[in-house]
Amino acid sequence: LLSYQPGIYSVIVTNDLGCAASDSILISDVICDQIFLPIAFSPNNDGTNDVYHILNADDVATLDFNIYNRWGQLIFTTNDGAIGWNGQYKNQDCELGVYIFVLNGVLNNGISVSMKGNVTLVR
């Protein structure tokens, strides 16, 4: 992970002919107040988006994350943000379609987060 300090960072570059250009960026303290989840994933073992997981798991202190099929059956649960759903239930590939998630957690900064939504499984 990269570490940074808030502030204005500037750079000036000059080419061999003496032409110069400059730019600056403001880096501020950002307090994460939400959990980020993709809207779809494709567990087809191609190495891209094969696992449905929290994108900013490092920001999550405690977690209760559940995924249900269209009949309301719990098919995945975890309390660890580093663990994601691989698109299987009882070691069998789940059908393509929309699944429901329910998430309750507390971020490292103490903010409580409750989310309900859906994710689309594609292959």
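Of note:
- Sorting the segments 96-109, 68-81 by their mean number of nearby beta carbons within 10 angstrom, highest to lowest, gives 96-109, 68-81.
- Estimated distance in nm for a label pair at Asn56 and Asn104, the labels positioned 7 Å out from Cα along Cα-to-Cβ: 2.2
- Two-site FRET efficiency, Ser114 against Asp23, from Cβ-Cβ distance with R₀ of 25 Å, rounded to 0.05: 0.05
- Net length available on complete extension from Val122 to Asn15 is 33.7 nm, with 0.36 nm assigned per residue and the Cα-Cα distance removed.
- Pair-distance distribution P(r) for the chain, from all Cα-Cα distances in 5 Å bins starting at 0: 2, 9, 17, 17, 13, 10, 8, 7, 6, 5, 4, 2, 1, 0 percent.
Throughout, read-outs are computed from the coordinates displayed, never taken from laboratory work. Owing to the predicted nature of the structure, the values given are computational and were not obtained by experimental measurement. Ideal geometry is used to build each Cβ from the backbone, glycine not excepted, and the neighbour counts take in all protein chains shown.
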